[in-house]
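Beneath this line is the structure, given in structure tokens, with notes to follow.
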Amino acid sequence: MATDKTKTKSPSKTKTPKRSASAKAAKPQNLAPHKLMLLITVVPRSKAEFYLDLLQQFEVNLQMEVSAFGTATKTFGFLESAMEKQALFTVIREDNVPKALAALEEKFETIRGGKGIACTIPFTSMVGVLAYQFLSNKQ
């Protein structure tokens, strides 16, 4: 009488390799050497071209301007600015932001009729190496 002695393998328990303490403590590396920011500047429409040229000296490769209208009316009396505004959107490297904001602040105070506001928003993600290199002015 022939007996069939085929062995059935029990499901093997695979062990996942344990990480060392130094691997757990290591933070993920930032692949981009310079983070990018979106600089939003709102200025009177008549001075928009001046501010676009001013921001160009801080190695920006992308700027967009959008027409806007202010909300203050003449009933406020102490606000004597033009209703027509221009919103400037500029992609700028994080290391150039302090210099650009300082230059804008100085021009807001010294240029007649050139008051404005500016703020920055960080880019949280970027798709594509070529897009990043273009926007950050890196070849």
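Say whether the condition of being exposed (fewer than 13 other Cβ atoms within 10 Å of the Cβ), modelled with pLDDT of 80 or more and of a type in the set (S, T, N, Q) is met by at least one residue in segment 103-117. Let's see the steps before the verdict.
From segment 103-117, those exposed (fewer than 13 other Cβ atoms within 10 Å of the Cβ) are 105-106, 109-110, 112-113, 117; that's our starting set.
Now restrict to residues that are modelled with pLDDT of 80 or more: 105-106, 109-110, 112-113, 117.
From what's left, of a type in the set (S, T, N, Q): 110.
There is at least one residue in segment 103-117 that is exposed (fewer than 13 other Cβ atoms within 10 Å of the Cβ), modelled with pLDDT of 80 or more and of a type in the set (S, T, N, Q).
Filter segment 118-128 for residues that are touching a helix residue (DSSP H, G or I) at 6+ places or on another chain (Cβ under 8 Å) and surrounded by 11 or more Cβ atoms within 10 Å (Cβ to Cβ) and give the result. Don't jump to the end; show me each part of the working.
If we filter segment 118-128 for residues that are touching a helix residue (DSSP H, G or I) at 6+ places or on another chain (Cβ under 8 Å), which is where we start, we get 118, 120, 122, 126.
Hits for segment 118-128 are A118, T120, M126.
Determine if segment 85-97 includes at least one residue that is open to solvent by 70 Å² or more (accessible area, probe 1.4 Å), over 13 Å from the mean Cα position of the chain (by Cα) and either over 13 Å from L55 (Cβ atoms) or of a type in the set (F, W, Y) (or both).
no
Return only the number of the condition from (1) open to solvent by 60 Å² or more (accessible area, probe 1.4 Å); (2) at pLDDT 85 or above that I40 does not satisfy.
Result: I40 passes all but (1).
Enumerate the pairs (first residue in segment 57-84 and part of a loop (DSSP other than H, G, I, E, B); second residue anywhere and modelled with pLDDT under 65 and of a type outside the set (D, E)) with beta-carbon separation below 6 Å, excluding pairs fewer than 6 apart on the same chain, so at least 6 apart or on different chains.
From segment 57-84, the pairs are A72/L79.
The values are calculated or read from the model by the stated rules, or taken from the named source; none is laboratory data. All values derive from a computational prediction rather than experimental measurement. Please note: Cβ atoms are built from the backbone with ideal geometry, for glycine as well, and neighbour counts cover all protein chains shown. Ligands, DNA and RNA are excluded from the accessible area calculation, which covers all protein heavy atoms including side chains. Shrake-Rupley method; radii C 1.70, N 1.55, O 1.52, S 1.80 Å.
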